[in-house]
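Remarks on the structure that follows.
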Amino acid sequence: MKMGSAVCFSLLSMAVFPLSLHADFWPEFRGPEGNGHAAEADVPLQWSQRKNIRWKIKVPGKAWSTPVVANGRVFVTTAVEDSRELTLQAASYSLEDGESEWESEVLSVEPTAMHKKNSQASPSPIYEDGKLYVHFSHFGTACLNAENGDIVWTQTSLPYKPVHGTGGSPVLYKDKLIYSADGGEDPFIVALNKSDGSVAWKTARDVEVQRTFSFSTPLIIEVNGEPQVISPASGAVISYNPDTGQEIWRCRYDEGYSVVPKPLFHNGKIYVCSGFNRAILLAIKADGKGDVTDTHIAWTNEKAIPKESSPIIVGNRLYINDDKGVLSCFDAETGEEIYRERLDGAGGYSSSPVFASGHLFFHNGEGITTVVKPGPDFEKVEENDLGEYGLSSFAVVSDGFLVRTEEHLIRIGK
């Protein structure tokens with residue numbers, strides 16, 4: 001039911017997202033390159049509840065999904081819940097002024113138990129070629145016409161047992177939409193045909209681990225001319241052939257579970273965090289076959305590793321902020337620790353950082369964003385307070401950011 005209402009890491013990714021790498025183009029979680037970078041953006045370093053706020057609107061329901069931006073529009077997903085029914089929705093707003101353009105009811109389902117830091121609409125949507133792909137984990141997936149919100153197809157035949165609620169976002173590869181389905185039992189990864197939502201392939205995880213549930217977003221890469229989809233799961237990070245779903249390699253990390261951070265790919269290595277209970281950061285050479293645990297780990301680190309926020313690389317330095325707000329900087333090639341400093345006294349970091357205008361932006365759950373200048377020394381530039389709770393990651397546009405809070409969608413900009 002539709003309701004009427006008032007920038008490239010490889011040639012492969014260029015094919016996946018026919019980028020205009022336009023500064024107002026943020027089509028998925030972590031942006032068009034999947035790494036949190038917005039090189040062309042000219043964003044403010046300072047803002048407050050009033051300063052450098054372009055607009056602020058109320059959005060119905062609740063969601064920790066990242067807004068996506070394309071063609072002058074901001075697209076969001078949301079979950080509107082009452083005691084008996086949960087309506088999973090998508091909506092489009094004008095990037096210029098926040099005016100509502102359309103709202104679409106995608107699925108109507110029964111609510112499930114949710115972790116206090118989760119939402120019923122945590123996976124981020126994806127925009128491509130006039131289509132908006134929305135994913136609600138075990139509830140289902142859909143494709144919408146991004147112009148008017150009309151539903152093109154829905155896929156609800158792949159339920160799984162959720163633990164703590166919804167999770168990772170999907171990715172696009174050629175004609176496929178790929179996502180991880182790591183629930184309480186029988187976890188799998190699946191590719192849907194993006195034309196009609198039918199199953200192209202489905203591969204069981206086949207990892208022996210006590211807790212099978214995880215929430216990470218896959219990453220499409222290319223190694224020696226061959227595509228891979230990298231998907232962290234409980235107990236291991238696994239590389240698959242995105243055309244067929246056949247496993248290429250895996251690297252085990254014991255009983256790591258509830259893995260949330262999206263991995264990174266840089267200079268031939270995958271950087272992945274292993275989740276709870278004892279998080280480990282692993283740098284893994286991505287050119288292996290089979291079980292590469294004993295042969296392809298370049299380096300590891302086990303101190304102040306994030307369980308929720310994704311890593312980010314600027315130049316050859318890798319930055320991670322753990323859940324309590326400790327920022328660590330490493331040499332991405334060797335793993336040498338460059339520094340470890342506290343961002344602020346609040347902690348509560350779930351969202352993933354972004355890089356724009358030569359600075360890193362780390363946003364915590366209380367609405368505080370710490371701005372850091374990348375380099376060999378810790379240089380804290382600003383601390384900005386929106387004054388609103390929220391766990392969503394930033395979307396970056398030409399002059400600022402879009403952020404979803406518990407009640408609002410806010411455009412920060414000059």
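Spatial offset of the range 75-153 relative to the range 164-238 amounts to 20 Å, using the alpha carbon center of each.
Applying both filters, DSSP loop and at most 16 other Cβ atoms within 10 Å, to the GluC sites (Glu not before Pro) of the range 181-227 gives 185, 208. Put a plus charge on the Cβ of each Lys and Arg, a minus charge on the Cβ of each Asp and Glu, and nothing anywhere else: the dipole of the chain about its Cα centre is then about 340 debye. Shape class of the chain from the Cα gyration tensor (axes a ≥ b ≥ c, square roots of the eigenvalues): rounded, since a/c falls below 1.5. Between residue 267 and residue 407, the modelled label-to-label distance comes to 4.7 nm, taking each label 7 Å out from Cα in the direction of the beta carbon.
Per-peptide packing, taken as the mean over residues of other Cβ atoms within 10 Å, places 84-90, 393-399 in the sequence 393-399, 84-90 from highest down. Each principal axis of the Cα cloud of the range 249-371 was evaluated for its coordinate range; sorted largest first, these ranges are 43, 30, 20 Å. For the range 189-204, backbone nitrogen atoms closer than 11 Å to the point 7 Å from residue 129 Cα along Cα-to-C-beta are found at 194-195. Measuring between their Cα centroids, the range 355-414 and the range 313-354 lie 15 Å from each other. Of the GluC sites (Glu not before Pro) found in the range 99-130, the ones in coil according to DSSP and having at most 14 other Cβ atoms within 10 Å of their Cβ are 99. Projecting the Cα atoms of 413, 107, 61 onto the charge dipole of the chain (Cβ charges, centred on the Cα centre) puts 61 farthest toward the positive pole. For the range 2-413, the residue among 237, 355, 256 whose Cα projects farthest onto the positive side of the dipole built from Cβ charges is 256. Note on residue 414/residue 324: beta-carbon distance plugged into 1/(1 + (r/R0)^6) with R0 of 35 Å gives a FRET efficiency of 0.65.
In the chain, a dipole from Cβ-located charges (positive for Lys and Arg, negative for Asp and Glu) runs towards its positive end, and of 327, 124, 91 it is 327 whose Cα lies farthest in that direction. If you plug the beta carbon distance of residue 383 and residue 202 into 1/(1 + (r/R0)^6) with R0 = 41 Å, you get a FRET efficiency near 0.35.
The length gained by stretching the chain between residue 195 and residue 340 to full extension, at 0.36 nm per residue less their Cα-Cα distance, is 47.6 nm.
Each reported figure results from applying straightforward, stated rules to the coordinates on display, with no laboratory input. These numbers were taken from a predicted model, which means no experiment stands behind them. Don't worry about glycine lacking a Cβ; one is built from the backbone with ideal geometry, like all the others, and counts go over all protein chains shown.
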